[in-house]
Amino acid sequence: MSKQIIDSDIFRDMIKMGAHRLNKNVDFINSLNVFPVPDGDTGTNMNLTFQSGAKFVNESESKSVGELAVSFSKGLLMGARGNSGVISSQIFRGFQKSVSEKETLDAKSFAAALQQGVDSAYKAVMKPVEGTILTVAKYAAHSGLEAANQSDDLAEVMEAVVKGAKEGLKKTPDLLPVLKEVGVVDSGGQGLVFLYEGFLNGIKGEVNDDVYTPSDEQMNEMVNAAHHQSVQSQLATNDIEFGYCTEMMITLDPEVHFDLSEFRTYLDQLGNSLLAVSDDEVAKVHVHTESPEKVFSYGAQFGQLGKIKIDNMRLQHETIIENDSNSDKGDDITTEIIVVAQGKGLIELMKSLGATHVITGGQTMNPSTEDFLKILNRTHAKNAIILPNNGNVLMTAQAAASSVDLPVEVIATKSIQQGISALFSFVKENSLSENAEMMKEDIMMVKSGEVTNAVRDTKINGIEIHSGDFMGIADGEIVTTAERRPDALIQLIEHMIDDDSEIVSIFYGIDASKREAAKLESEIQKKYPDLELEIHAGDQAVYPYLVSVE
């Protein structure tokens with residue numbers, strides 16, 4: 001039967017099925033990441049973004065499509081993670097602006113809204129790059145407009161949108177050379193295709209009744225907000241043995257054996273305050289631990305990770321104690337400095353250099369817009385500086401900064417190394433603009449390098465990469481590979497230093513060791529006696545070594 005109107009019920013089904021289809025394909029989207037590093041998180045970011053949007057729609061009782069679209073856009077923005085999540089939120093921000101006053105949508109108004117979404121997304125990106133999710137969105141909207149001029153059947157129009165999205169996706173390797181070299185399509189674009197396929201399911205009425213949509217009670221059954229604050233006044237920060245409140249939801253793979261008792265036993269070894277529940281389809285976990293990455297890695301063995309969350313309870317506790325002891329203390333802070341980092345050593349270093357708030361995240365754990373807004377909206381400071389320290393967090397930080405009245409400077413730090421350099425440049429007595437200008441200048445003087453392991457065979461820039469090898473990455477480009485981790489680090493440093501290099505800083509992560517780092521320090525110092533060499537425990541995940549050359 002032909003459908004010519006999208007009413008609130010159909011719109012809800014579209015959102016429900018779009019989010020569901022994304023959730024089912026998270027791992028596949030992640031696998032399309034260009035670099036073969038173990039932090040491919042486009043699928044995870046898009047999934048978390050759209051789950052947030054779907055939650056806002058579920059909570060709305062409106063019968064107006066326009067009002068539901070506004071709720072959806074708000075949810076996407078608040079949950080936006082990574083570039084793919086932020087760009088997606090901008091697509092549907094433009095969409096909702098087109099339909100916000102409409103009770104229902106016909107084919108033409110729906111197609112026009114998709115096109116306005118594309119226009120908004122292109123404007124939101126300072127330097128739009130073709131061969132990305134933007135290209136896929138553009139092709140999809142164009143096909144939708146053409147179909148809407150020929151038919152008022154919404155299913156036909158949405159089929160055209162999906163077809164156009166797939167055509168755009170096929171073109172991404174031709175438009176972005178690195179995709180063609182590796183032999184993949186754009187991961188964000190693939191995510192949008194899955195989303196639009198879900199929309200088509202919703203329009204056609206192909207709605208799966210078994211789609212798991214947890215209620216607020218279920219979402220909060222493991223832990224409520226008071227849980228963490230109820231004991232704050234009864235202990236000191238140093239008494240917190242396991243500092244990261246870690247939560248995850250797993251959509252269980254029916255092909256993988258899952259034993260809740262064994263599951264709990266393993267997680268109990270990683271921390272305390274463990275709560276783990278499951279039914280036949282979903283497992284949910286809450287645990288206090290020092291190793292969130294181990295919790296997530298273990299959970300991923302049993303299915304797809306949905307909602308994940310990490311809170312640094314030590315920082316939360318310090319904030320609560322500070323607020324309790326002197327509620328006006330924040331008035332003394334002129335500039336709030338918000339940084340993104342993970343790893344106990346790196347976090348402590350950032351705080352010692354003047355960071356007033358550290359959002360735990362970065363690779364594999366991109367913070368959301370809301371994570372930044374929670375800090376910006378409650379600060380007593382006159383202005384703020386954000387150091388995202390990751391290229392995939394930059395747009396999220398910018399989205400948050402544009403959503404508040406407070407003067408905020410987002411410094412485009414794309415690595416922890418640049419973030420550390422920026423903090424060294426901060427002078428309390430300077431104005432916001434003076435500090436921002438100095439930081440921007442100084443981060444350009446830093447070379448950033450990482451060592452990590454390859455998770456698949458590939459070839460990039462003429463370099464043969466084999467799964468399990470260690471790669472040296474300099475300023476985002478893979479420059480060397482080696483079978484041994486120490487060899488990869490030494491080769492990376494050789495590539496990064498030149499006649500002007502004076503200081504080399506190495507931060508070793510949880511997968512390296514102090515002993516190995518000390519041995520490498522001696523070897524590197526012997527080879528480059530004129531360099532000032534610093535070794536620090538970063539405790540970061542994913543990258544055994546981070547390198548900074550100045």
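The values are calculated or read from the model by the stated rules, or taken from the named source; none is laboratory data. Everything quoted here is computed from the prediction, not taken from an experiment. All Cβ positions, even for glycine, are placed from backbone atoms using ideal geometry, and neighbour counts span all protein chains on display.
Scanning the range 98-131 for residues that are touching a Leu at 6+ places or on another chain (Cβ under 7 Å), farther than 25 Å from S2 by Cα and not aliphatic (A, V, I, L, M) yields Y122, P128, E130, G131.
In summary, strands (runs of 3 or more DSSP E) completely within the range 443-488 and bearing 1 or more residues that are of a type in the set (F, W, Y) and out of contact with any Gly (no Cβ under 8 Å at 6 or more places or on another chain) occur at 470-474. Looking only at residues of the range 492-550 that are polar (S, T, N, Q) and free of Cβ contacts under 8 Å to residues at least 40 places away in the same chain, we find that the one that is surrounded by the fewest Cβ atoms within 10 Å (Cβ to Cβ) is S522.
Residues D499, D530, D457, D475: which one is on the phi > 0 side of the Ramachandran plot and not hydroxyl-bearing (S, T, Y)? On inspection, the qualifying residue turns out to be D475. So E434 ticks every box in (1) without any contact (Cβ under 8 Å) to a residue 24 or more places away in the chain; (2) more than 26 Å from E348 (Cβ to Cβ); (3) surrounded by 15 or more Cβ atoms within 10 Å (Cβ to Cβ); (4) among the charged types (D, E, K, R) but one. Which box is left unticked? Condition (3) is where E434 drops out.
The set of residues from the range 415-434 being closer than 30 Å to Y543 by Cα and in a loop (DSSP other than H, G, I, E, B) comprises S415, F426.
State yes or no: is Q116 out of contact with any strand residue (DSSP E or B) (no Cβ under 6 Å at 6 or more places or on another chain), more than 21 Å from Q304 (Cβ to Cβ), assigned to a helix (DSSP H, G or I) and at pLDDT 90 or above? Spelling it out, Q116 is indeed out of contact with any strand residue (DSSP E or B) (no Cβ under 6 Å at 6 or more places or on another chain), more than 21 Å from Q304 (Cβ to Cβ), assigned to a helix (DSSP H, G or I) and at pLDDT 90 or above.
Could you please let me know if D371 is within 14 Å of the chain's Cα centre (by Cα) and free of Cβ contacts under 8 Å to residues at least 60 places away in the same chain? Show your work before the answer.
Values: within 14 Å of the chain's Cα centre (by Cα): yes; free of Cβ contacts under 8 Å to residues at least 60 places away in the same chain: yes.
For D371, the condition - within 14 Å of the chain's Cα centre (by Cα) and free of Cβ contacts under 8 Å to residues at least 60 places away in the same chain - is met.
When you go through G43, G94, G79, G75 one by one, which is the residue that is under 17 Å from V193 (Cα atoms) and either among the small types (G, A, S) or touching a Lys or Arg at 6+ places or on another chain (Cβ under 8 Å) (or both)? Among G43, G94, G79, G75, only G43 is under 17 Å from V193 (Cα atoms) and either among the small types (G, A, S) or touching a Lys or Arg at 6+ places or on another chain (Cβ under 8 Å) (or both). Taken together, the residues in the range 440-455 that are in contact with a Phe, Trp or Tyr (Cβ under 9 Å, 6 or more places away or on another chain) and either in contact (Cβ under 8 Å) with a residue 40 or more places away in the chain or closer than 18 Å to F507 by Cα (or both) amount to 6. Checked against the criterion of being modelled with pLDDT of 90 or more, surrounded by 17 or more Cβ atoms within 10 Å (Cβ to Cβ) and within 29 Å of I87 (Cα to Cα), the candidates L175, L169, L179 yield just one match: L169.
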